[in-house]
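Written below as structure tokens is the structure these notes are about.
The values are calculated or read from the model by the stated rules, or taken from the named source; none is laboratory data. Since we're looking at a predicted model, the values are computed, not measured. Cβ sites come from the backbone with ideal geometry, for glycine too, and all protein chains shown count toward neighbours.
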Amino acid sequence: MEEKIRLGKLLKVVRKRYWIVLVFVFMSALLGLIYVKYFTNPVYVSSAKLQIEGISNSTEITEKNSMMEFFINYIPESDILTIVSEELNGEFSEVQLKNIISMWTSASVFMNVSVTYKDPNEAILIVNKFIEVIEKVKPDYLAGLEIAELATPEKVETISGSVVKTVGLSIIVGIFLGFGLVFLLEFLNSTINDEQDIAKYLNAPLLGVVASYDRKKLTKRMVVKNVRKVKEKEVNKWEDQKMKEEKVERTYHG
């Protein structure tokens, strides 16, 4: 019973100040949209895969994975990034490529390659060119390494600067802040709101409850009632006057 009362009181508090939550949600969404539009630059990730073909058992998979990890660690120290830079007409230096290219292996003999860059089309171009070069210059111990999946525009992901993600997160933050302020205001509110507060704070017995009323409706009702009384008085006055006139007329004719 007490839990129902508490839940009902919480819902009453929220209904009373729901506009605060709406204001916070709107303002948070607006600020998030302004931030992502004018203060951030979107960053995109494009991915591709290479796979070693012709492996039939788990022992070979483990062995080839170890070889791919060794090769991945070797690439930054080799001339492969130089070749990729030349293939891209020198638009990206070796240092730039090293900073934007990521590589890792998975248990199913895949070499995963991703490029993180501000231009999605450039990211696709770089990652595809990189795995093409890898396939050409691969060492003999990775002879079966071939391109399994090229990067495409449909698979490009946005990791920052996404309007939907930023605005969605802003809305969630706004909801939490709005509800937090609503309950804080209720906590700081020292006025007596219901009969439970009387029993709690005044330690006094509750004899009865006066029903709430709408002041506008009550005022309108009183005005209508007064108008009716005035009309009734005028009608009665007119009827009395009429009766007097008829009486005088009868007396005169009599």
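For the stretch 168-197, a residue qualifies if it is in contact with a Leu (Cβ under 7 Å, 6 or more places away or on another chain) and modelled with pLDDT under 80, and exactly one does: 195. The residue list 200, 217, 247, 231 contains one member that is surrounded by fewer than 13 Cβ atoms within 10 Å (Cβ to Cβ), part of a helix (DSSP H, G or I) and at pLDDT below 65, which is 217. When the stretch 4-62 is filtered for residues that are small (Gly, Ala, Ser) and closer than 19 Å to residue 172 by Cα, the ones remaining, listed by number, are 28, 29, 32.
The criterion of being charged (D, E, K, R) and under 30 Å from residue 155 (Cα atoms) does not hold for residue 12.
Within the stretch 65-80, the set of residues being at pLDDT 90 or above, part of a helix (DSSP H, G or I) and farther than 19 Å from residue 55 by Cα comprises 72, 73, 74, 75, 80. Scan the stretch 52-64 and tell me whether some residue there is over 37 Å from the mean Cα position of the chain (by Cα), charged (D, E, K, R) and part of a loop (DSSP other than H, G, I, E, B). Checked against the condition, which is being over 37 Å from the mean Cα position of the chain (by Cα), charged (D, E, K, R) and part of a loop (DSSP other than H, G, I, E, B), the stretch 52-64 yields at least one hit.
Counting only residues that are polar (S, T, N, Q) and under 18 Å from residue 124 (Cα atoms), which one in the stretch 70-99 is nearest to the chain's Cα centre (by Cα)?
First pass over the stretch 70-99, keeping only residues polar (S, T, N, Q): 73, 78, 82, 85, 89, 93, 96, 99.
Among the residues that remain, those that are also under 18 Å from residue 124 (Cα atoms) are: 85, 89, 93, 96, 99.
Values: 85: 41, 89: 42, 93: 39, 96: 34, 99: 32 Å.
Looking at residues that are polar (S, T, N, Q) and under 18 Å from residue 124 (Cα atoms), I get 99.
Would the stretch 8-20 turn up any residue that is surrounded by fewer than 18 Cβ atoms within 10 Å (Cβ to Cβ) and modelled with pLDDT of 90 or more? Yes - at least one qualifying residue is present in the stretch 8-20.
Taking the stretch 38-55 on its own, how many of its residues are loosely packed, with under 14 Cβ neighbours inside 10 Å and either closer than 20 Å to residue 121 by Cβ or in contact (Cβ under 8 Å) with a residue 12 or more places away in the chain (or both)? The qualifying residues number 4.
Name the one entry in 95, 109 that is closer than 22 Å to residue 44 by Cα and modelled with pLDDT under 95.
95
Please give the strands (runs of 3 or more DSSP E) falling wholly within the stretch 81-186 in which 2 or more residues are touching a residue at least 24 places away in the same chain (Cβ under 8 Å), out of contact with any Lys or Arg (no Cβ under 9 Å at 6 or more places or on another chain) and surrounded by 14 or more Cβ atoms within 10 Å (Cβ to Cβ).
Passing ranges, in order: 101-105, 110-117, 157-160.
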